[in-house]
Amino acid sequence: MKKATRKAKAPDTAAATLPPFSGAALVEAMTDFVGTLTRGKAHTLRTTDITVPAPLPVRTAAEVRAVRDGLGVSQAVFAGLLNVPVTTVISWENSQRKPSGAALKLLDIAARHPEVLTGQVRVR
């Protein structure tokens, strides 16, 4: 009977090369940072004002199917266009699950601008 042997695991080189945590060094770095800010030497950050749209309403099974029917594609093709499993589309259309998050946004885009999903967008 052969005896099982275990090889010693090599130490994690990333963890081995990190300096030990120093609270004093952290406080010093933050103090330097605050000093830079108060002396007016900080870099100007880019900002952009945008209006965040209201959350999209949940789509019913009939609405999901209507979007797919509007594209004239099968459940498998629709799943491919949305980059989701076919079982997900089936469960949406059978009211077993409800689309949420990014899937709701994709369904909204598919309903309003199907050419984006089908690749038939024309560049002007």
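Structural remarks
- The stretch 61-118: C-alpha gyration tensor shape, a/c 1.5 cut-off, then a/b vs b/c: rounded
- Sorting GLU115, GLU93 by the number of Cβ atoms found within 10 Å of their own Cβ, with the fewest placed first, yields GLU115, GLU93.
- Modelled spin labels at SER74 and HIS113, positioned 7 Å past Cα toward Cβ, are 2.9 nm from each other.
- Contour excess over end-to-end distance, with Cα ends at THR48 and MET30 and 0.36 nm allotted per residue: 3.8 nm
FYI, it's all coordinate maths here, none of it is from the lab. Everything quoted here is computed from the prediction, not taken from an experiment. In this analysis, Cβ positions are derived from the backbone assuming ideal geometry, glycine residues included, and neighbour counts consider all displayed protein chains.
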